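Peer 1: The following block contains the structure, expressed as structure tokens.
The values are calculated or read from the model by the stated rules, or taken from the named source; none is laboratory data. Note that the structure is predicted; figures quoted are calculated from it, not measured. Here the Cβ is made from the backbone with ideal geometry for all residues, glycine too, and neighbour counts use every protein chain on show. The protein model used for the area step is the full one, side chains on, heavy atoms only, and it has no ligands, DNA or RNA in it. Shrake-Rupley method; radii C 1.70, N 1.55, O 1.52, S 1.80 Å.
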Amino acid sequence: MLRTKGTKISSRAPRLLVAALALLAVAVTLPLSGAQAKQKNKKNQPTTGRIEVSTQPGGYPITIDGQPAGETTDYVRAIELEPGTHTVEILFPNNTRWSQVFNILPGRKNCIALNYRPRTIDIPAVPVSPCPYPVNVTAPATVNDGDIVTFTADVGYQGQSALNYTWTVSPPAARILSGVGTPTITVDSSGLGNRRVTAILVVDDGSGDRSCRQTAQASTGISALPNITPPKRFDEFPSVAFDDDKARLDNLAIELQNNPGATGYVVAYGGRNSRAGEADRMGRRAVEYLSTTRGISRDRIIFINGGYREANSFELWIVPQGAEPPRPTPTLSPEQVRPAPASRRNRRD
């Protein structure tokens with residue numbers, strides 16, 4: 001205990017409550033080879049990207065581009081976003097905010113995992129130097145080949161000087177996409193399957209004091225992408241009479257019997273002058289025939305109402321396990337459809 005002019009000054013340092021945030025963030029590119037990507041119809045390509053958010057604990061408000069987007073959960077919550085830059089902000093207690101700008105790409109996802117943990121830090125009553133100070137780098141434990149990995153630094157510097165952030169990543173094939181000179185960087189992991197990406201951060205305040213130069217690092221394992229066979233358009237034909245449709249559906253049933261792990265997709269399109277609800281009737285009848293007459297389990301047949309084309313038609317797809325389902329390719333909008341009068345409708349059996 002010190003005494004100065006009769007006044008007691010405690011040497012005990014005050015205690016401040018601060019928050020430590022640990023971030024994990026990645027993005028995924030759909031697993032298409034070069035040859036497959038060239039063959040895939042552009043209309044089947046994904047049109048949106050995604051962020052997947054979780055916090056420990058959950059229950060903190062989220063805003064996207066300044067608009068409320070609900071609250072976080074302690075399990076992964078997926079939010080679909082249009083391509084482009086979006087600002088994601090999460091508000092923690094004591095007005096602690098986490099904010100990051102993401103470049104959303106079609107068919108890719110950014111995964112955000114934050115840990116909020118209050119802690120106390122003793123601050124000297126009369127600090128001589130803010131150094132040394134704690135530096136911690138966090139990153140996902142594992143991601144898939146092609147994901148975007150986010151490395152984030154938690155720096156407990158209490159000085160007034162601006163900090164310098166110097167990042168290096170390895171192996172050399174790892175490429176920093178953004179964040180050079182800041183506490184957060186993103187790294188492209190494409191082509192690094194079955195390897196580890198390590199990010200090393202050096203932080204200094206420019207004073208030249210060796211204790212003010214701190215180093216930390218984190219590593220992420222990169223998993224190789226599974227070899228998934230893409231979906232295959234098995235057949236496509238106009239629907240004129242159900243007896244003709246049955247022959248094409250028989251071929252689909254045989255293919256499903258020969259590929260027990262695959263799922264059959266029936267995409268039905270109503271015609272320009274078809275009666276209302278024709279695509280749904282066609283699809284229900286096809287599924288009923290495949291399951292009741294051909295003995296295919298209903299959980300292996302999925303019907304999709306594809307919208308409208310010039311005439312009633314079907315697309316039949318074989319989708320291997322783990323592959324993305326087909327996307328409908330209508331050629332007419334609902335506004336272009338003109339159902340024929342009841343007396344002229346072709347009421348097929």
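Peer 1: Can you name the residue in region 106-122 that is part of a loop (DSSP other than H, G, I, E, B) and surrounded by fewer than 19 Cβ atoms within 10 Å (Cβ to Cβ) and, of all such residues, is modelled with the highest pLDDT?
Peer 2: If we take residues in region 106-122 being part of a loop (DSSP other than H, G, I, E, B) and surrounded by fewer than 19 Cβ atoms within 10 Å (Cβ to Cβ), then 106 is modelled with the highest pLDDT.
Peer 1: Given the structure, is residue 18 modelled with pLDDT of 90 or more and in a strand (DSSP E or B)?
Peer 2: Here the answer is no, as residue 18 does not meet what is asked.
Peer 1: Here's another thing I want to ask about it. Picking from 157, 165, which residue would you name as being among the hydroxyl-bearing types (Ser, Thr, Tyr), under 30 Å from residue 118 (Cα atoms), outside any strand (DSSP E or B) and open to solvent by 20 Å² or more (accessible area, probe 1.4 Å)?
Peer 2: From the options 157, 165, the qualifying one is 157.
Peer 1: How many residues does region 66-86 hold that are touching a strand residue (DSSP E or B) at 6+ places or on another chain (Cβ under 8 Å), free of Cβ contacts under 8 Å to residues at least 24 places away in the same chain and open to solvent by 50 Å² or more (accessible area, probe 1.4 Å)?
Peer 2: 6
Peer 1: Condition test on residue 91, is it under 13 Å from residue 49 (Cβ atoms), modelled with pLDDT of 90 or more and open to solvent by 50 Å² or more (accessible area, probe 1.4 Å)?
Peer 2: So residue 91 fails the test.
Peer 1: Next question, about the same structure. Quick one: count up the residues across region 81-121 that are within 12 Å of the chain's Cα centre (by Cα) and β-branched (Val, Ile, Thr).
Peer 2: 2
Peer 1: Now for a separate question. Criterion first (aliphatic (A, V, I, L, M), within 28 Å of residue 224 (Cα to Cα) and at pLDDT 60 or above) does residue 76 satisfy it?
Peer 2: The answer is yes for residue 76.
Peer 1: I'd like to check which strands (runs of 3 or more DSSP E) are fully inside region 234-339 and have at least 1 residues that are open to solvent by 20 Å² or more (accessible area, probe 1.4 Å) and not acidic (Asp, Glu).
Peer 2: By residue number, 263-270, 301-308.
Peer 1: Could you check region 173-221 and list, in sequence order, the residues that are in contact (Cβ under 8 Å) with a residue 60 or more places away in the chain, open to solvent by 30 Å² or more (accessible area, probe 1.4 Å) and touching an Asp or Glu at 6+ places or on another chain (Cβ under 9 Å)?
Peer 2: 190, 214
Peer 1: Are there any pairs with C-beta distances below 6 angstrom linking a residue in region 284-295 that is without any contact (Cβ under 8 Å) to a residue 12 or more places away in the chain to a residue that is open to solvent by 60 Å² or more (accessible area, probe 1.4 Å), with the two at least 6 apart or on different chains, and if so which?
Peer 2: Qualifying pairs under 6 Å: 291/298.
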